[in-house]
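Reviewing the structure listed below.
The values are calculated or read from the model by the stated rules, or taken from the named source; none is laboratory data. Please read these numbers as outputs of a predicted model, since none were measured by experiment. Cβ: placed from backbone, ideal geometry, glycine included. Neighbour counts: every protein chain shown. We work out accessible area using only protein heavy atoms, side chains counted, and drop any ligands, DNA or RNA first. Shrake-Rupley method; radii C 1.70, N 1.55, O 1.52, S 1.80 Å.
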Amino acid sequence: MRILVTGGAGFIGSHYVRTMLSGGYPGYEDAAVTVLDSLTYAGNLANLDPVAASPRLRFVRGDIADPALVRSLVPGHDAVINFAAETHVDRSISGAAPFVATNVAGVQVLLQACLDAGVGPVVQVSTDEVYGSVASGSWTEQAPLAPNSPYSAAKAGGDLMAGAYARTHGLDVRITRCCNNYGPYQYPEKVIPLFVTNLLDGQPVPLYGDGGNVRGWIHVDDHCRGVQLVLERGEPGKTYHINGNAELTNLELTAALLECCGAGWDMVTRVPDRKGHDRRYCLDDSALRDMGYAPRVPFRQGLEETVRWYADHRSWWEPLKRPAAAPAPGPAPAVTGSMP
Ligand code: NAD
């Protein structure tokens, strides 16, 4: 079994690869993994260090939107998991072009290469944000897409392309949509690692608007188990929601992080709300739960472990936060208020 994992040097993709190569997915202990990743500011080979010596890992630096490269790489694989994406909403507000290039055009290039090579299943990893904001209740997989940010619009574009390749060409594509992830190795522009690393440094944390925006939270390990379940038992052409076990306002999340870091509200700076900030997302994941899925990591326990990981891994995140210690990333907004 050979699996192509695109975006496998990022936060979630690398967790999937580390788990797969450490035998964390029963039945896949011998699977070989090719990681294709262009190593944007968010991609980091250090994320793969724990499995770098594995003879089952092959790393290829490249762009999923490069047709010649992708056409040459896809044949010989038995499945493709696409984690590659531009992922930060604030960056998409500053400049949407790379989001369209990767999250829409890149997905199309990948799908076409899979179709041409007869490779599938393809799992397109997506987000709850494609549905826009929901005041109450939760979305099923049948809810209409109504994205509001350039990030979520681009992800919706990729999802629509995936659905089109499934319906038009019969390509075996499955889409997963998940809520906000947290855990180790998350780039410290996203709210949890940003807040935690600021607090570890004795710096204030920026809270958007009134702090009333609501998000579902899931540990990255639970998300990856959901993706794996869809790979193993999902149906071609279907979409699956993957949800966690916590729904929190940003105020509640901030309170929990302050407590875990032993800090008080004097460390919180209110900043103007993000443009077009969706108020609430909420997924109904009963289809996946009917297949046996359930998140395993209790939120508070996962959060405390995550805080400990950042406290113990300064050498991983300090170069990412201190421009003097690392090459400057691409077009980046200031690392201020931030939700994934
Ligand atoms: P990330 O930003 O940490 O990692 C993205 C990875 O993709 C990086 O390694 C980057 O180098 C790579 N990449 C970007 N453009 C590429 C390209 N053109 N070709 C090849 N590689 C490229 O993102 P993440 O948080 O790990 O998210 C992974 C996926 O999960 C994304 O599709 C995202 O939309 C989805 N998702 C994320 C969350 C979350 O909370 N982080 C929630 C739901 C869904």
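Structure notes:
- Residue 129 falls short on exactly one of the conditions (1) more than 9 Å from the ligand (Cβ to nearest atom); (2) in a helix (DSSP H, G or I); (3) open to solvent by less than 10 Å² (accessible area, probe 1.4 Å); (4) touching a residue at least 40 places away in the same chain (Cβ under 8 Å), and that condition is (1).
- Of 93, 12, 64, all but one fail to be open to solvent by 50 Å² or more (accessible area, probe 1.4 Å) and in contact with a helix residue (DSSP H, G or I) (Cβ under 8 Å, 6 or more places away or on another chain); the exception is 93.
- Residues of the stretch 198-219 classified as farther than 19 Å from residue 297 by Cβ, within 16 Å of the ligand (Cβ to nearest atom) and surrounded by 23 or more Cβ atoms within 10 Å (Cβ to Cβ), total: 0
- With respect to the conditions (1) under 22 Å from residue 278 (Cα atoms); (2) open to solvent by less than 20 Å² (accessible area, probe 1.4 Å), residue 258 lacks only one, and its number is (1).
- Among the residues of the stretch 13-37, the one identified as farther than 15 Å from residue 49 by Cβ, among the acidic types (Asp, Glu) and in contact (Cβ under 8 Å) with a residue 12 or more places away in the chain is 30.
- Answer residue from the stretch 7-21, given it is touching a Phe, Trp or Tyr at 6+ places or on another chain (Cβ under 7 Å) and over 16 Å from residue 225 (Cβ atoms) and is farthest from the ligand (Cβ to nearest atom) among those: 8
- Residue list for the stretch 30-52, restricted to those being polar (S, T, N, Q) and in a strand (DSSP E or B): 34
- Taken together, 235, 141, 252 contain a single residue that is over 22 Å from residue 93 (Cβ atoms), surrounded by fewer than 23 Cβ atoms within 10 Å (Cβ to Cβ) and under 19 Å from the mean Cα position of the chain (by Cα), which is 141.
- Index of the failed condition, residue 125 passing every other in (1) over 17 Å from residue 163 (Cα atoms); (2) among the aliphatic types (A, V, I, L, M); (3) at pLDDT 95 or above: (1)
- Any hit, the stretch 78-97, residues being away from the ligand (no atom under 13 Å from the Cβ), touching a residue at least 60 places away in the same chain (Cβ under 8 Å), in a loop (DSSP other than H, G, I, E, B) and under 23 Å from residue 167 (Cβ atoms): yes
- Considering 137, 163, the condition of being in a helix (DSSP H, G or I), out of contact with any Pro (no Cβ under 7 Å at 6 or more places or on another chain), in contact (Cβ under 8 Å) with a residue 12 or more places away in the chain and not aliphatic (A, V, I, L, M) is satisfied by 163 alone.
- Spans of helices (runs of 4 or more DSSP H) in the stretch 243-340 with at least 1 residues more than 24 Å from residue 138 (Cα to Cα), at pLDDT 95 or above and of a type in the set (Ser, Thr, Tyr): 299-312, 314-321
- Each residue in the stretch 35-61 was checked for being more than 7 Å from the ligand (Cβ to nearest atom) and surrounded by fewer than 20 Cβ atoms within 10 Å (Cβ to Cβ), and 16 pass.
- Residues (aliphatic (A, V, I, L, M) and out of contact with any Lys or Arg (no Cβ under 8 Å at 6 or more places or on another chain)) located in the stretch 111-144: 111, 115, 119, 125, 143
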